[in-house]
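Written out below as structure tokens is the structure these notes cover.
The values are calculated or read from the model by the stated rules, or taken from the named source; none is laboratory data. Please read these numbers as outputs of a predicted model, since none were measured by experiment. Cβ coordinates were reconstructed from backbone atoms using ideal geometry, including for glycine residues, and neighbour counts include every protein chain displayed. Surface accessibility is based on the protein's heavy atoms, side chains included, excluding ligands, DNA and RNA. Shrake-Rupley method; radii C 1.70, N 1.55, O 1.52, S 1.80 Å.
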Amino acid sequence: MKVNNAIIMAAGTASRFAPLSYERHKALIEVRGEILIERQIKQLREAGIEEIIIVTGYKAEQFEYLKEKYNVILVHNPDYLTRNNNASIFVVKDYLKNSYICSSDNYFFENPFEAEVADSYYSAVYAEGVTNEWCIEEDNGRIINVVVGGKDSWIMLGHVFWSEEFSRRFLSILEAEYDLPDTADKLWETIYIEHINELDMEIRKYPSDYIFEFDTLDELRKFDESYKADTQSTILK
């Protein structure tokens, strides 16, 4: 399947990344000399993916420059403070086809994107020992269950690819459940897991040093040692 576009989720507040996130959106911090979201945009473009939609919310104004610099589409999620990331999927429902779904704060050591993809997948890395992450149970490469917490498991981390058929099925479920009281707090992944028998998806396995995510300043310092000497924060200075 030819990839039609990529959706980059950048609406959240990244509260665990304070105080840096008080000053600039987490997606816009510099890591090893590059702005996180700009690195991801460039990797997508290198793979031939021209249409890139960024879902904004918190500090939305800080992303405006990307429209001119990279010709991306910005879509605002007005409910970013009152709903979980299912709202970000909802506001871009008209764009979803054969689409990458990406997190704006992921750092890919190498470019993981392709112009053509065989089937829907969720990327994963292997976590040795006990973990509190979302652990994947698989059968011949198909995801059959996901549980929070486990040991010596493949965990959800990184980008996702939705085929047009997957997008259609997921949106049908989301639209039917969107206004239910319990839905607002759910991650889109939670909705996927609740309907996993209807939403077929592969696991795409990557080496443990391929995909990085920084939830705290301490984690960023381990990856980019320049933050040990300079947090690039006026608050901490």
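Remarks
- Exclusive hit being in contact with a helix residue (DSSP H, G or I) (Cβ under 6 Å, 6 or more places away or on another chain), modelled with pLDDT of 95 or more and not in a loop (DSSP other than H, G, I, E, B), set Val160, Val130, Val146: Val146
- All positions within the range 1-31 that are charged (D, E, K, R) and modelled with pLDDT of 95 or more: Lys2
- Residue count for the range 189-221 under the criterion of being of a type in the set (Asp, Glu) and open to solvent by less than 40 Å² (accessible area, probe 1.4 Å): the result is 2.
Okay, residues lined up against (1) in a strand (DSSP E or B); (2) open to solvent by 70 Å² or more (accessible area, probe 1.4 Å); (3) at pLDDT below 95; (4) acidic (Asp, Glu):
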residue: Glu68; (1), (2), (3), (4): no, yes, no, yes
residue: Asp119; (1), (2), (3), (4): no, no, no, yes
residue: Ser123; (1), (2), (3), (4): yes, no, no, no
residue: Tyr126; (1), (2), (3), (4): yes, yes, no, no
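- Verdict on Lys97 being open to solvent by 50 Å² or more (accessible area, probe 1.4 Å) and in contact with a Leu (Cβ under 6 Å, 6 or more places away or on another chain): no
- Cross-chain or 6+ apart pairs with Cβ under 6 Å, the range 202-230 first and more than 21 Å from Glu23 (Cα to Cα), then acidic (Asp, Glu) and not in a loop (DSSP other than H, G, I, E, B): Ile203/Glu138
- Number of positions in the range 138-157 that are exposed (fewer than 15 other Cβ atoms within 10 Å of the Cβ) and of a type outside the set (Val, Ile, Thr): 8
- Within the range 17-30, residues that are charged (D, E, K, R) have Cβ atoms under 8 Å from residues that are open to solvent by less than 10 Å² (accessible area, probe 1.4 Å) and part of a helix (DSSP H, G or I) in these pairs: Lys26/Phe17; Lys26/Leu20; Lys26/Leu36; Glu30/Leu36, counting only partners at least 6 apart in sequence or on another chain.
- Residue within the range 78-88 that is touching a residue at least 60 places away in the same chain (Cβ under 8 Å), open to solvent by less than 30 Å² (accessible area, probe 1.4 Å) and either assigned to a strand (DSSP E or B) or among the hydroxyl-bearing types (Ser, Thr, Tyr) (or both) present: yes
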